[in-house]
1. Put +1 on the Cβ of every Lys and Arg and -1 on every Asp and Glu Cβ in segment 141-244; which of LEU199, PRO239, VAL209 then has its Cα farthest towards the positive end of the dipole?
2. So how far, in whole Å, is the C-alpha centre of segment 82-110 from the one of segment 277-328?
3. Based on Cα coordinates alone, diagonalise the gyration tensor for segment 167-246, multiply each eigenvalue by 5, take square roots, and list the semi-axes in whole Å, largest first.
4. So what is the relative contact order of segment 240-298, in percent, for Cα pairs below 8 Å that sit 6 or more residues apart?
5. Ranked by Cβ crowding within 10 angstrom, fewest neighbours first, how are GLU180, GLU100, GLU214 ordered?
6. Is there a quick way to get the dipole size of segment 220-280? I mean about its Cα centre, with the Cβ of Lys and Arg at +1 and of Asp and Glu at -1; what is the value in debye to the nearest 20?
7. For VAL209, VAL92, VAL309, which order do you get if you count the other beta carbons within 10 Å of each Cβ and list the fewest first?
8. Can you find, among GLY218, ALA229, SER182, the residue farthest towards the positive end of the dipole of segment 171-260? Put +1 on the C-beta of Lys and Arg, -1 on that of Asp and Glu.
Amino acid sequence: SGVFPRYVGIQAYTRNHLATGDILLPRLPWPAESDGEIIPLGAFLLRAPELSQDTKETRLWRAQAGLLVRWALFGPELRAERTRALWALAEVARHRAITEEDFRLAFGMGFAEAEQQLAKFRDVARGEAPWIWIPGLLRDLPQFKFKDLKLRRATEAEVARLRGNFERLEMIRWRAAAPELSARYEAAARRTLKRGLRLASDDARVRGVYGLFEYLCGHLNEARPHLEAAFAANAASAPALLALARLRLADMRIGLPPEGTLPEEALLRVLDPLFAAKDHRPPVAEVFRLIGEVWAQSRVPPKREHLAVLLEGVRLFPADTDQVWQAAELHRRHGYSVEAIALARHGEVHAPDAEARGRFAGLRRALESGQPLGEPTPGPDAPR
């Protein structure tokens, strides 16, 4: 058991060996207050509601999650390929929002056809027999193979990197609540990480952690060469890449007036580590916000494909309304009103209060009224 989330209503049992699975399939629960509606798959797969709350929205989302899994595993096409397609789609969902093209590649149909099948299958799922036998189901489940795991003793430099990173995190944790304790962790982290550098001065991962630590301590000149080395070796974490991008941005702004804009070469130099950071998992919202800040300071007007990364950020962090507003404003400023209106509508849905909702509504109404927004100017080729 434990293969599926509890709210999906499926428990897995094995008999004889792992290649054969017996599945206990109780009647699919469905919210009594629901009128049989199916959440459009585009919205359903974009985000889950806050599942810790017991609301009509969360009850319907949980019920449809169970329905979708049952339909994929035990629906009209009872084939091992469908099982593998479901796990492949789940792997995509670990990294980004599922698109209709992803769904079509997995199941051979778009959202509209799948919604029709789900509606029909719902009545079947609510009255199924208690046991279903699926040959090979558990064989298709992702499994960790211990025989492929090779253990070794960590080197002293690796121990220093891990311990120093822990002490760095504790330094941040106690900064506000217990400054004296934070200072002790700062001193401990510096000793530990410098020991790691002495043991392995060419270890880019140690240098990345040390560079991030010194950046957070405000020693920017000390941090810069270590962050650059970790980035060059593709060994920097997302926070280290974010720190490097901020350092590069500050360097590029030296000599510019407050309202001065960045030339193309400076823009690309700052965006380079940010595009590396955006692909790290778990994603970091601040990375996408800084990409937006950089484009806002650009001397070269962005094309639509440049701003597509901001839409990716909104998909990953749909409730981050500051990021949504930033993306909407950048699209509005450069004349991409279709995207700006869609983002404003998204902001209205996710706004935390009436004031923020009113701000997004005002932007949407202004855009829909067709007031002049300026023509977009062609920019350079997308840096990624």
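Bear in mind that the values in this text are calculations on the coordinates, not laboratory data. Note that the coordinates shown come from a computational prediction; the quantities given were computed from them, not determined experimentally. Cβ atoms come from the backbone with ideal geometry, glycine included; neighbour counts cover every protein chain shown.
1. About the Cα centre, the residue reaching furthest to the positive side is LEU199.
2. 24 Å
3. Working: eigenvalues 92, 40, 17 Å².
Largest first, segment 167-246 gives 21, 14, 9 Å.
4. That works out to 43 percent.
5. Details: GLU180 7, GLU100 15, GLU214 22.
Exposure proxy ranking, most exposed first: GLU180, GLU100, GLU214.
6. Computed charge dipole of segment 220-280: roughly 140 debye.
7. VAL92, VAL309, VAL209
8. The residue sitting farthest along the positive end of the dipole is SER182.
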